[in-house]
Every structure is written in C-alpha cells, then in structure tokens.
Amino acid sequence: MDAQPILQYLEEQVSHGVKFLEGQTFQIGWMVVKFKLTERGLLGLNEPDMSEIPIRFVNSLSNTIHHLRLQKDVAESIGVEPRFPTILQSALKCSRYDDNSEFFMDRADPVQNDSGWFFGCTNPHHDHNDPSTLLRVSLYELACSRDSIIPFVALPPGFLVKAGGTSIQISQRGIPCELKPGSFLDLKLRKGRGEGSLGDNL
C-alpha cells in the first residue's frame, strides 16, 4: 500500500517527459534512494543499507517504506503533519549521547543542511551549551548507531522526545503531548512496557 504513491509519482513524472538516469537520487520520506541500472537494462531503486558508513546502496526499498510508515504513524499519533529531513542532513549530538541508553532529541527550525535536530544525554550536569561537548554528524550516522530515533525524526520543529528503555515522553514547545487513544504509538507503547527496548517495540 505504501509503495503505490511512490510508483504513481514516478509514472506521472515519466508521462510528463521527466527522464530518470542511473546514479540520480530521489527522496522518499527521509530516505535518499538512488536509481540503478539493472542487468535487464531497466532502472531500479536502491536504498542505503542502514548499517555501513559511508552509505552503501543495496537493491531494496524495504527500509525506505518501513521508515516512511513509522514516521507517518508517529506524527499521526500526535496529530501533526510530518516534516521530513533527509538522512544526509546534519544534526548536533553531545559527547555523552552514545554512552547512555537514555537520551533526548530536540528539534529547532532546519537551516539549509542542518536538520534542526539536537541529540543529547539526560545527565543534568552535562553542559550542552559548551561547544567543546558537541559533535556535528549526519542523521544517517545517528540512525545506524541507534535505530530507535528513526520513528521520531520527521516530527516538526518544536518537538522534544525523551526516551529510555520502554519509556517515552513527547512534548511540543514545553507542553506534554497526549497520544491519540488507539493510535499506533499509543498501542505500541502500552504493549511494549516491560517487553524490551523502545527500538524493539517500534
């Protein structure tokens, strides 16, 4: 079902005279996919394998469509429209982010190649205003090292997500968000409490 709008868009573009070439990239949700010439002389779409750095493209669209559905469902669970960054855009993370199972992600307005996202640890004594404690990395690199961020990266500016284990809190400009009863995120989080990590449950 989620693949149909993608196919329809490509068909419409071709019918209007647009030509796609091997090596050309194309954004689907937050994912950047690449056209690849197959052995039969047809163009196919390859996606990043979401594990290797630098990006290695593979003959698949499974992750692309899965991420698109996750991000749409999370946004819908809160009642907002997704605002997709791309995996190639950058984000800031604190130097202790990778060392903690608990973390938060806070989005400001995107500027050019900056997605607006900041990823930090939850240690209240770690100064996130000190430039020496901050690193700029790609969203792709962040997702490869912690896939539990993927469902939330399309939340619009002004949103903050705090996560750890099966616990998650989402707020918009300081106001806690209520999940729509019966929505994807509501059901997943209620089902997942005590049954593994947040990433496993999503």
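How do the strands (runs of 3 or more DSSP E) wholly within region 1-90 filter down when requiring 3 or more residues that are under 18 Å from Val153 (Cβ atoms) and touching a strand residue (DSSP E or B) at 6+ places or on another chain (Cβ under 9 Å): which remain?
The qualifying strands (runs of 3 or more DSSP E) are 31-37.
Hey, can you tell me all the residues within region 98-140 that are in contact with a Phe, Trp or Tyr (Cβ under 8 Å, 6 or more places away or on another chain) and under 20 Å from Ala154 (Cβ atoms)?
Phe103, Phe104, Met105, Asp106, Arg107, Ala108, Phe119, Gly120, Leu139
How many residues are without any contact (Cβ under 8 Å) to a residue 24 or more places away in the chain and either small (Gly, Ala, Ser) or under 23 Å from Arg69 (Cβ atoms) (or both) if we restrict to region 10-35?
11
Which of the residues belonging to region 9-50 are surrounded by fewer than 11 Cβ atoms within 10 Å (Cβ to Cβ) and either assigned by TED's automatic domain parsing to the domain that holds Arg146 or under 29 Å from Asp147 (Cα atoms) (or both)?
Across region 9-50, the qualifying residue is only Gly23.
I need the full set of residues from region 173-188 which are buried (at least 16 other Cβ atoms within 10 Å of the Cβ) and within 15 Å of Pro157 (Cα to Cα), in order please.
Residue satisfying the conditions is Cys177 alone.
The values are calculated or read from the model by the stated rules, or taken from the named source; none is laboratory data. This is a predicted model, so every value here is computed, not measured. All Cβ positions, glycine included, derive from the backbone under ideal geometry; neighbour counts span all protein chains shown.
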